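Trainee: Just passing along the structure, written as structure tokens.
Derivation of every value follows stated rules applied to the coordinates shown; laboratory data play no part. Please read all numbers here as calculations on a predicted model, not as lab measurements. Every residue, glycine as well, gets a Cβ built from its backbone with ideal geometry; the counts of neighbours run over all protein chains shown.
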Amino acid sequence: MKTIINTAKAPAAIGPYSQANTFGDLVFTSGQLGLNADTMVLVEGGIKEQSYQVLKNLVIVLEAAGASADTVLKTTCFIADMNDFAAFNEVYAEFFAKNAPARLCVEAARLPKDALIEVEAIAYKA
């Protein structure tokens, strides 16, 4: 049975979707942006600052669903400028230092709220 995951510790959905869903032991997150959960505004700075906030938000949603960064099987990353790929990878490596998940990273023409990065994940409950 599908269960909707929603936590006030992460930014609220900005459209008709949930932060994540679980089905059995699998967790499917929606894309996370570099939004501050309290203000719903993108964090100041560039790709590194937004990447850190995106991944922090992602981990919060995963934990609310009973998963963690260590149980992520796959991420899909949308980056506004592929020239920022190396800087994004530096931050990404901090969150996935062990057991790096499979990943797809593509450049997107435009992201919601003109964000620089958006990341979604598939994980399993620990």
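Trainee: Inspect all residues belonging to region 46-62 and state whether any of them is more than 14 Å from the chain's Cα centre (by Cα) and closer than 25 Å to K125 by Cβ.
Mentor: Checked region 46-62: no residue is more than 14 Å from the chain's Cα centre (by Cα) and closer than 25 Å to K125 by Cβ.
Trainee: I want to confirm something. Restricting to region 69-99 and keeping residues that are closer than 17 Å to A115 by Cβ and assigned to a loop (DSSP other than H, G, I, E, B), which single residue is nearest to the chain's Cα centre (by Cα)?
Mentor: A80
Trainee: Still on this structure: Here is a list of conditions, (1) touching a residue at least 12 places away in the same chain (Cβ under 8 Å); (2) closer than 19 Å to K9 by Cβ; (3) out of contact with any Gly (no Cβ under 8 Å at 6 or more places or on another chain), and Q53 meets all of them except one; can you say which number that is?
Mentor: Of the numbered conditions (1) touching a residue at least 12 places away in the same chain (Cβ under 8 Å); (2) closer than 19 Å to K9 by Cβ; (3) out of contact with any Gly (no Cβ under 8 Å at 6 or more places or on another chain), the odd one out for Q53 is (3).
Trainee: While we're looking at this one, here's another question. Tell me yes or no: at least one residue of region 95-105 is within 15 Å of E120 (Cα to Cα) and exposed (fewer than 12 other Cβ atoms within 10 Å of the Cβ).
Mentor: In the first step, residues of region 95-105 are kept if they are within 15 Å of E120 (Cα to Cα); the result is 95-96, 100-105.
Filter again for exposed (fewer than 12 other Cβ atoms within 10 Å of the Cβ), leaving 102, 104.
Checking region 95-105: at least one residue is within 15 Å of E120 (Cα to Cα) and exposed (fewer than 12 other Cβ atoms within 10 Å of the Cβ).
Trainee: Of all residues in region 69-82 being out of contact with any Leu (no Cβ under 8 Å at 6 or more places or on another chain) and closer than 17 Å to C105 by Cβ, which is surrounded by the fewest Cβ atoms within 10 Å (Cβ to Cβ)?
Mentor: Our first condition is that a residue be out of contact with any Leu (no Cβ under 8 Å at 6 or more places or on another chain); within region 69-82, this holds for 70, 73, 82.
Now restrict to residues that are closer than 17 Å to C105 by Cβ: 73, 82.
Numbers: L73: 14, M82: 12.
Among them, the one singled out is M82.
Trainee: From (1) surrounded by fewer than 24 Cβ atoms within 10 Å (Cβ to Cβ); (2) part of a helix (DSSP H, G or I), pick out the condition that doesn't hold for G66.
Mentor: The failed condition is (2).
Trainee: Output the residues belonging to region 8-25 that are surrounded by 16 or more Cβ atoms within 10 Å (Cβ to Cβ), assigned to a strand (DSSP E or B) and not polar (S, T, N, Q). Even if it seems obvious, please write down each step before you answer.
Mentor: If we filter region 8-25 for residues that are surrounded by 16 or more Cβ atoms within 10 Å (Cβ to Cβ), which is where we start, we get 10-11, 19-22.
Next, only the ones that are assigned to a strand (DSSP E or B) stay: 20-22.
Across region 8-25, the qualifying residue is only A20.
Trainee: Restricting to region 100-126, count the residues that are assigned to a loop (DSSP other than H, G, I, E, B) and basic (K, R). So that I can check it myself, show each step before the final result.
Mentor: Initially, region 100-126 is screened for residues assigned to a loop (DSSP other than H, G, I, E, B), giving 100-101, 108-111, 115-116, 125-126.
Retained after the next criterion (residues that are basic (K, R)): 110, 125.
Selection size over region 100-126: 2.
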